[in-house]
1. Would you mind counting up the charge near R14? Only other residues with Cβ under 11 Å from its Cβ, with Lys and Arg at +1 and Asp and Glu at -1.
2. Tell me, how many Å apart are the Cα centres for the stretch 308-322 and for the stretch 246-260?
3. Would you kindly state how much longer the chain becomes between Q54 and E83 on full extension, computed as 0.36 nm times their sequence separation minus their alpha carbon distance, in nm to one decimal?
4. What are the residues whose amide H is under 5 Å from the amide H of F73, where those residues sit 5 or more places off or on another chain and H is modelled from the backbone?
5. In the Gaussian network model of the chain, springs joining C-alpha atoms below 10 Å, which of P216, P67, P319 carries the largest mean-square fluctuation?
6. If you roll a 1.4 Å probe over the heavy atoms of the protein chains, what accessible area per residue do you get for the chain, in Å²?
7. If a paramagnetic tag sat 7 Å from the Cα of D323 along the Cα-Cβ line, which residues of the stretch 170-190 would have the backbone N under 12 Å from that point?
8. Given the C-alpha atoms of the chain, compute the convex hull and give its volume per residue in Å³.
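The values are calculated or read from the model by the stated rules, or taken from the named source; none is laboratory data. Just so we're clear, the structure is a prediction, and the values are computed from it rather than from any experiment. Ideal geometry is used to build each Cβ from the backbone, glycine not excepted, and the neighbour counts take in all protein chains shown. The protein model used for the area step is the full one, side chains on, heavy atoms only, and it has no ligands, DNA or RNA in it. Shrake-Rupley method; radii C 1.70, N 1.55, O 1.52, S 1.80 Å.
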Amino acid sequence: MQLTAPLDMHLHLRDGEMLENIAKSSACTFSGAIIMPNLVPPVSTKEDVIAYKQRIMAAVGEENFTPYMTIFFKPSYDKAFLESIKDEITAIKLYPAGITTNSEGGVSGFDVEELRPALTAMSQLNIPLCVHGETNGFVMDREAEFVSIYERLATAFPKLKIIMEHITTKESVAVLDRFENLYATITLHHLLITLDDVAGGMLKPHLFCKPIAKRPEDRSALLKVALEAHPKVMFGSDSAPHPRHAKEACGCAAGVFTAPIALQVLAELFAKENASIENLQAFISGNAQSIYAVTPPNKTVILEKKPFTVPSDYNGVVPMFADEEIAYSIKKTRITNDCK
Ligand code: DOR
Ligand code: ZN
């Protein structure tokens with residue numbers, strides 16, 4: 001099976017030693033990725049984003065990989081600032097305040113008038129808005145409750161491209177078709193697991209993430225639009241590495257690390273569900289290219305149906321399927337070296 005220019009439209013690469021340890025997990029098999037800005041402090045100035053991109057490129061080394069950079073949304077961004085930073089970024093990421101890892105400086109209240117200057121300027125400059133769509137309500141209802149905020153934003157800013165990040169519910173799938181300017185990313189783990197897999201038996205800290213995996217009918221709704229490569233959905237792994245000690249702890253950090261196995265497991269899933277390679281290609285690259293108007297660097301990934309035992313960790317970060325066998329392996333990537 002051959003895939004061209006895979007894209008990961010939602011990725012956490014972190015910084016420092018972690019960045020150096022994990023960047024190649026993505027750069028090896030993907031042509032590019034939307035890089036999340038939730039560092040400490042968040043990436044929010046032109047200097048920050050240029051310097052962070054340089055650190056990413058240094059960690060990526062020889063690999064042919066484009067980091068599509070983002071900054072952390074603040075209502076105070078004005079048009080002059082956004083014009084000055086436009087060429088350095090592909091999107092801006094909005095977090096509700098305190099909703100997840102390093103999001104304390106995010107938005108509270110979602111008052112359209114407060115957001116209007118920044119979102120109008122983004123809309124005029126054609127900068128997409130990526131949103132972590134959760135309220136601070138009951139954990140299983142947070143995303144469904146946020147749908148009314150998506151509706152409000154999509155109506156108030158009809159020319160703004162709004163990407164509902166890592167959707168996990170049937171309500172989010174349903175709202176996609178009601179507004180022309182709403183799009184979504186879907187992770188690998190939310191296509192595979194429900195809350196039962198996280199907490200139905202022994203607690204699985206490495207499957208704990210935000211938004212939490214939901215009910216079987218939610219997973220089915222996500223699977224349907226992913227497998228049919230609905231043109232408004234694209235793959236975004238939300239691969240979010242944390243060191244083992246931060247996951248296997250009293251107070252487990254949220255995030256599933258899928259970068260090294262994402263493409264192989266997607267290939268397995270699409271094959272198992274009898275979805276076509278064309279649809280997989282659209283889900284992992286074509287749709288994102290159309291939605292974001294990006295042309296990723298050339299990369300061909302050849303996968304083979306050969307069992308691969310997933311390592312127990314990658315430099316101290318435990319991946320999804322650690323120590324388990326997955327059905328597909330990376331045979332080779334043209335332009336790049338072998339991937340481990
Ligand atoms: O599970 C998550 N981990 N969800 C997020 O929104 C953030 C991410 C992280 O940065 O660790
Ligand atoms: Zn994320």
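1. Neighbour charge sum, excluding R14 itself: -2.
2. The stretch 308-322 and the stretch 246-260 have Cα centres separated by 12 Å.
3. 8.3 nm
4. K93, L94, Y95
5. Evaluated over the chain, the most mobile residue of the options is P216.
6. Accessible area per residue: 40 Å².
7. In the stretch 170-190, the label zone of D323 (backbone N under 12 Å from the point 7 Å along Cα→Cβ) covers no residue.
8. With only Cα atoms used, the chain gives 120 Å³ per residue.
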